[in-house]
Every structure is written in C-alpha cells, then in structure tokens.
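Read the structure below first, then the notes.
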C-alpha cells in the first residue's frame with residue numbers, strides 16, 4: 001500500500017526508530033514513485049523533484065572532488081568562509097547568515113524556534129510541507145489558508161489567520177503550485193502583519209527565487225536584515241544544481257539569526273557541500289543567466305503544449321509547473337511511468353484529484369515528455385486512474 005506523506009508522518013511520528021522528517025526532493029524515494037520503483041519501472045525522464053536537469057557547474061564538481069583530502073577534518077573554517085561569501089553576495093554581514101543542510105533544515109529550525117503550543121504555524125494550503133510536518137510532530141497548532149482562484153496565496157485570508165501566530169510560512173514562489181506574489185503586495189502584507197501581530201515571525205522561502213520572471217517579483221532579504229520578525233531562506237539545490245550536496249542558508253536580523261543558531265548549534269554542513277557552495281558563489285553570472293533562460297524556454301514550451309491541448313497550468317515562476325489535467329494525479333503519474341518512463345510528482349492535496357506538478361527538464365526531455373503526456377491524456381480519465 002502506498003502511504004501519503006501526511007499519513008506516513010501521522011503513522012510514524014517519533015517512534016522507536018527515531019524522528020522521520022523528510023526533505024525536498026523526496027519524490028524519487030518514498031512519496032512519489034515508491035510503488036512504481038518497487039515494481040521495477042525505472043524512469044528515463046525524471047520531472048518530479050524540481051531539480052536542475054543539467055546539474056551543477058563544472059567548477060563545483062571540481063571543488064567537491066578536490067576537498068576530499070580534507071575529509072578527516074571538521075569544516076569550521078570552511079563554514080565561516082562560506083558564510084562570509086554568502087554575506088558578500090547579498091550585501092549583508094556574516095552575522096546575518098545561518099547555513100543549513102539544505103534550506104529544509106532551516107525551515108525546521110524556524111518552526112522549532114518560533115512556534116509553540118500557544119503560538120502556532122500559519123501556511124497556505126498547499127505549500128511546501130516541511131514546517132507544517134515539523135510543527136505537527138511537536139504538537140504545535142497549524143492553521144492552513146486556502147489559495148485564491150488563481151492558486152496564489154490569498155493575502156487577505158492569510159493576514160486574518162496570521163494574527164497571534166508564532167510563525168507564518170510564506171513560500172514565494174509557492175511549491176507546489178508554482179505561483180508567486182509580487183514584491184509590493186508582499187511588503188504590504190508584512191507591514192500590516194508587523195503592526196497587527198508584532199510577536200509573529202514570517203519565514204519567506206525563496207528556494208526558487210532565481211527562476212522568477214514576473215514583473216515586480218523581488219527578494220525580501222533587505223527587509224529581513226532590518227526586521228527581527230522576518231527571515232528569508234535560500235538554497236543551492238535548485239538553480240545551482242546542488243540538490244544532492246545539501247546546503248542552504250537563512251538571512252535575517254542578527255538577533256534572529258543568533259536565536260536560530262543557538263538552537264541549531266554549529267553549522268552541520270559537510271566539507272563537500274561547503275566546497276561546492278564556495279565554488280558556486282564564484283560561478284559567472286552568465287552561467288546563472290543561461291540556466292534561467294534554459295528553464296524559461298523549456299517551461300514556456302511545456303506550458304504552451306498543455307494550454308494548446310485544453311489543460312490549464314498556473315502562472316509558473318519556478319522550474320516546475322502545476323497543471324489542471326482534469327483527472328487524478330496518481331493515475332496520470334502511474335501511466336506516464338508505465339507508458340513512457342516519465343516520472344512526475346506525487347499528490348498534493350487538496351488538488352490531487354485534478355492537478356499534477358511537473359518539473360522542467362531539458363528541452364529535449366520535455367519534447368519527449370509531452371509525447372507521453374499526449375498518449376496518457378488521450379485515455380479516458382477513469383481508465384487512467386484505475
């Protein structure tokens with residue numbers, strides 16, 4: 001039997017085997033194609049986990065290989081160096097930066113530090129679940145806020161729900177629906193919340209920041225550095241193609257970062273991840289721009305294909321898309337893997353009966369993938385979901 005992610009968390013909890021907390025990129029293991037892999041259906045095209053299909057820059061690979069001679073030493077000095085380089089990149093001070101084993105760890109840390117049994121978590125439904133899952137495991141209350149008709153965060157409803165919360169998780173762009181809120185609207189939401197609920201902290205997840213193309217979309221890092229109730233999370237996993245190395249960072253007011261660091265202790269980052277991050281921070285801007293262009297082109301091609309065939313994608317500002325395919329995602333996922341070796345993402349309640357999340361692969365991969373999608377979607381929905 002295939003367990004949903006939420007069912008699994010409720011079932012396992014903090015059992016004898018320890019605390020199970022999953023991170024980004026889980027689709028290839030337990031929560032996406034678990035039964036499919038078990039049946040020996042190995043995918044040839046993986047568009048399930050929002051990874052960079054080209055991987056990291058060659059300098060990152062060289063740096064990771066080159067650091068292995070230092071594997072017997074703790075990476076304290078390397079962590080300090082990377083923290084300084086991140087600070088320089090964003091024009092902040094090292095005291096404003098906290099490194100984590102992927103931004104996932106920083107989401108957990110924020111949830112642990114800023115929520116309690118009396119001041120819980122508020123987040124959109126759906127949004128990336130890490131904060132909600134961790135709050136649930138700690139027994140802290142969670143308030144979910146439905147998206148609006150455009151599958152964007154409903155800021156009015158979010159504002160009402162946020163008053164008195166310990167932490168608001170503001171995923172922008174939002175995973176899994178791929179939509180984003182522009183900078184002016186985000187700033188207005190934050191300003192009102194700071195006035196109405198001054199004890200509430202807001203965690204702005206900008207994991208997909210580099211892929212945003214909408215006019216007016218902007219980072220909240222400048223606000224976070226000045227306001228102790230705002231913190232921004234970033235990752236090297238997506239645009240920089242380093243998902244397997246596990247490194248991300250939070251930026252915020254020095255007091256906020258100190259509070260998070262006091263719970264997290266020393267930076268638990270491997271020397272390989274630190275070497276890769278150092279190299280990634282030095283890659284030419286032209287490489288990042290080329291990745292943004294590649295993603296935008298493959299994304300536009302795939303979204304147009306769906307639109308031309310009568311299926312509605314959201315306004316994607318990420319390296320994935322969320323498409324109304326008018327049928328359950330599970331049947332579509334299973335048939336795509338069976339018919340053409342294409343692995344798409346897991347279910348995302350409450351849209352699992354109608355929508356699917358599809359990551360953006362290379363243009364060649366997406367051109368092949370849409371041929372599989374065409375074949376699967378030509379099958380009546382009832383049969384496809386069986």
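The values are calculated or read from the model by the stated rules, or taken from the named source; none is laboratory data. Note that the structure is predicted; figures quoted are calculated from it, not measured. Note: ideal-geometry Cβ built from the backbone for every residue, glycine included; neighbour counts use all protein chains shown.
Checking residue 139 against (1) under 28 Å from residue 277 (Cβ atoms); (2) in contact (Cβ under 8 Å) with a residue 12 or more places away in the chain, which single condition isn't satisfied?
Of the numbered conditions (1) under 28 Å from residue 277 (Cβ atoms); (2) in contact (Cβ under 8 Å) with a residue 12 or more places away in the chain, the odd one out for residue 139 is (1).
Say whether the condition of being in a helix (DSSP H, G or I), under 20 Å from residue 181 (Cβ atoms) and either assigned by TED's automatic domain parsing to the domain that holds residue 210 or in contact with a helix residue (DSSP H, G or I) (Cβ under 8 Å, 6 or more places away or on another chain) (or both) is met by at least one residue in segment 132-145.
yes
For the condition in contact with a helix residue (DSSP H, G or I) (Cβ under 6 Å, 6 or more places away or on another chain) and either part of a loop (DSSP other than H, G, I, E, B) or farther than 25 Å from residue 80 by Cβ (or both), what is the one hit in 242, 194, 214, 260?
Result: 242 is the single residue among 242, 194, 214, 260 that is in contact with a helix residue (DSSP H, G or I) (Cβ under 6 Å, 6 or more places away or on another chain) and either part of a loop (DSSP other than H, G, I, E, B) or farther than 25 Å from residue 80 by Cβ (or both).
Suppose we filter segment 123-150 for residues that are at negative phi and more than 17 Å from the chain's Cα centre (by Cα); how many remain?
Of the residues in that region, 15 qualify.
To keep it simple, each residue is scored yes or no on (1) within 21 Å of the chain's Cα centre (by Cα); (2) assigned by TED's automatic domain parsing to the domain that holds residue 74.
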residue	(1), (2)
230	yes, yes
236	yes, yes
239	yes, yes
244	yes, yes
262	no, yes
268	yes, yes
275	no, yes
293	yes, no
313	yes, no
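So which residues in segment 62-83 are within 24 Å of the chain's Cα centre (by Cα) and without any contact (Cβ under 8 Å) to a residue 40 or more places away in the chain?
Hits for segment 62-83: nothing passes.
Tell me whether segment 162-171 contains one or more residues that are assigned to a loop (DSSP other than H, G, I, E, B), touching a strand residue (DSSP E or B) at 6+ places or on another chain (Cβ under 9 Å) and surrounded by 24 or more Cβ atoms within 10 Å (Cβ to Cβ).
Yes, segment 162-171 contains at least one residue that is assigned to a loop (DSSP other than H, G, I, E, B), touching a strand residue (DSSP E or B) at 6+ places or on another chain (Cβ under 9 Å) and surrounded by 24 or more Cβ atoms within 10 Å (Cβ to Cβ).
I'd like the full set of residues that are under 18 Å from residue 310 (Cβ atoms) and part of a strand (DSSP E or B), limited to segment 323-351.
The answer is 323, 324.
Picking from 244, 276, 248, which residue would you name as being crowded, with 24+ Cβ neighbours inside 10 Å, over 20 Å from residue 296 (Cβ atoms) and out of contact with any strand residue (DSSP E or B) (no Cβ under 9 Å at 6 or more places or on another chain)?
Exactly one residue qualifies, and that residue is 276.
If a residue has to be modelled with pLDDT under 95 and under 11 Å from residue 47 (Cα atoms) to count, how many in segment 331-344 make the cut?
Residues meeting the conditions: 0.
When you go through 32, 102 one by one, which is the residue that is surrounded by 22 or more Cβ atoms within 10 Å (Cβ to Cβ), in contact with a helix residue (DSSP H, G or I) (Cβ under 8 Å, 6 or more places away or on another chain) and modelled with pLDDT under 95?
32
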